[in-house]
Amino acid sequence: MAILPILVAPHPVLKRKAQPVAAVTDEERRLLDDMLETMYDAPGIGLAAPQVGVSKRMLVVDVAREGEAPQPMKLINPEILETSDDLAAYEEGCLSFPDQFAEVKRPAAVRIAYLDETGEAREIKAEGLLATCLQHEIDHLDGVVFVDHISQLKRTMILRKLQKLKKQGRLQAAE
Ligand code: NI
């Protein structure tokens, strides 16, 4: 396994719609393992392939709390089948926006179809933090980032702060 460099916004790959995975092979499985290791190292609770520069529809999440057993999940070609009318607000962050946070409202519950790492079709119902995290990561596959859900004023502030951090050389991530 390997720790991969994480792209920091703004970056063209983060704005691109990712391609569906045609076949789940060892290459995909290796990337998912590397993505998990990269996410745990960061540390974060979710990571989408475009964030490591791979424009493919793959993501990993683990929303286990500290002290709980890890609950790694790997999703390939995820598709949201159903969303609740109820919304939930969470303070979101993103490994591509280091140290930046903003409240985002999303459907509180979702039903998602995906392929697992063996290529088998699966479905998951999620609510709470997992629902938010999965929607945030699936957004990444469509070139959408969490600041696209907040006001333009807040978005501009966050992007300026990131630019400042980049200039100061305080961001280690890949350019
Ligand atoms: Ni993110």
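The values are calculated or read from the model by the stated rules, or taken from the named source; none is laboratory data. Please read these numbers as outputs of a predicted model, since none were measured by experiment. Reconstructed Cβ throughout: ideal geometry from the backbone, glycine too, with neighbour counts over all protein chains shown. Ligands, DNA and RNA are stripped out before the accessible areas are found, and what is left, the full protein with its side chains, is counted by its heavy atoms. Shrake-Rupley method; radii C 1.70, N 1.55, O 1.52, S 1.80 Å.
For the reader, a short list of remarks on this structure follows.
- Neighbourhood net charge (13 Å Cβ-Cβ; Lys/Arg +1, Asp/Glu -1) for Ala88: -4
- Point-charge dipole on Cβ atoms (K/R +1, D/E -1) for the range 63-145, about Cα centre, debye to 20: 80
- Long-range HN-HN contacts of Ile6 with modeled amide H, under 5 Å: Ala174
- Rounded to whole Hz, the Karplus (6.51, -1.76, 1.60) HN-Hα couplings of the range 125-142, x for glycine and proline: 9, 10, 9, x, 4, 4, 4, 4, 4, 5, 5, 4, 6, 5, 3, 4, 6, 9
- DSSP-assigned coil residues among GluC sites (Glu not before Pro) in the range 62-101, each with at most 16 further Cβ atoms within 10 Å: Glu66, Glu68
- Sequence of Asp85, Asp34, Asp148 when ordered by accessible area, the most exposed leading, probe 1.4 angstrom: Asp85, Asp148, Asp34
- Cα-based shape type of the range 1-43, given that a ≥ b ≥ c are square roots of the gyration tensor eigenvalues and the cut on a/c is 1.5: oblate
- With all protein chains modelled, accessible area of Thr25 [1.4 Å, Å²]: 60
- Entry note, the chain: the mean residue ellipticity at 222 nm calculated from DSSP H runs of n ≥ 4, each adding -39500 (n - 2.57), is -8500 deg cm²/dmol after division by the residues and rounding to the nearest 500.
- For the range 1-133: rounded, prolate or oblate by the Cα gyration tensor [a/c cutoff 1.5]: rounded
- Dipole check for the chain: with +1 at the C-beta of Lys and Arg, -1 at the C-beta of Asp and Glu, and the Cα centre as origin, the magnitude is about 1040 Debye.
- Of interest is the spacing of the C-alpha centroids, which for the range 45-66 and the range 1-31 amounts to 9 Å.
- Potential lengthening between Ala69 and Gln168 on full extension [0.36 nm per residue; Cα-Cα distance subtracted]: 31.9 nm
- J(HN,Hα) series, the range 50-63, from Karplus relation 6.51 cos²θ - 1.76 cosθ + 1.60, nearest Hz, glycine and proline x: x, 5, 10, x, 10, 7, 10, 7, 9, 8, 10, 9, 7, 9
- Here the spin labels are modelled as points 7 Å beyond Cα on the Cα-Cβ line, and at Thr118 and Ile150 they lie 4.1 nm apart.
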